[in-house]
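Visitor: Next up is a structure, given as structure tokens.
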Amino acid sequence: LLGLLDLLAQRTVPYPFANLANSGAVWALAAFALGTCGHRPAWKATASGVVLLLVAVESYYLSAVIIQRDSTSTLWSASTRIWLILAVLIGAVFGAAGASAHSPNLWVRAAAAALVGLAFLAEAVYTVRGSAHPFGFSDHIHQTAIIDAGLAVLLPLAILTLHRRRQRPGPTI
């Protein structure tokens, strides 16, 4: 559903939020979230993240063929193959990070949460640097960058809060 929802959100959600639909950081967050499900071993979380993003890339392009009448050649074009390679890399990293969010070690959990924040921060910086007017905030691109920057701070805090480990008191005598 991720690929289909991405395409539909780009067409229906108002901007600047529609830009988030096609956000690499949001897709990485989906792999992370899947990796956090069920306290599974890291290798299963990694594989789940990879499969999720591979299927999402192809379902995005298939949805574009069906909804927008794009050419079927987009299903295996050069740009699609690049996205599939990125899906493997990002799915593996963020799926494993999602599994690490359950670690008993606070530093491991913090690193996993920080990875999500860094993805959104990198996207915000990339968005602003790629803009024709890097210092003006009048268009949806810069508004999206501000939202990405906010998510870069809020999401790691939410992840750490959701996956915190409580100290269990030792046995009482």
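The values are calculated or read from the model by the stated rules, or taken from the named source; none is laboratory data. On a predicted model such as this, the values are computed, not experimentally measured, just so you know. With ligands, DNA and RNA removed, areas are computed over all heavy atoms of the protein, side chains included. Shrake-Rupley method; radii C 1.70, N 1.55, O 1.52, S 1.80 Å.
Visitor: Given the options Tyr126, Tyr60, Tyr15, state which has the largest fluctuation in a GNM of the chain using a 10 Å cut-off (strictly under) for Cα springs.
Guide: Tyr126
Visitor: Express the carbon and sulfur contribution to the solvent-accessible surface of the chain as a percent, rounded to the nearest whole number, probe 1.4 angstrom.
Guide: 71 percent
Visitor: So with the 1.4 Å probe, I'd like the accessible area per residue for the range 54-162, rounded to whole Å². The partial results should precede the final answer.
Guide: Values: 6230 Å² over 109 residues.
Result: 57 Å² of accessible area for each residue.
Visitor: Over the chain, what is the mean sequence separation of C-alpha contacts under 8 Å (at least six apart), divided by residue count, expressed as relative contact order in percent?
Guide: 25 percent
Visitor: Please give the calculated 222 nm ellipticity per residue for the chain, where each DSSP H segment of at least 4 residues contributes -39500 (n - 2.57) and the sum is spread over every residue; nearest 500 deg cm²/dmol?
Guide: Computed mean residue ellipticity for the chain: -24500 deg cm²/dmol.
Visitor: Kindly identify the chain as rounded, prolate or oblate by the Cα gyration tensor criterion: order the square roots of the eigenvalues as a ≥ b ≥ c, call it rounded if a/c is under 1.5, otherwise compare a/b with b/c, prolate if a/b is larger, else oblate. Don't skip to the answer; put the middle values down first.
Guide: Numbers: a/c = 2.55, a/b = 1.47, b/c = 1.73.
Oblate, since a/c reaches 1.5 and b/c is not below a/b.
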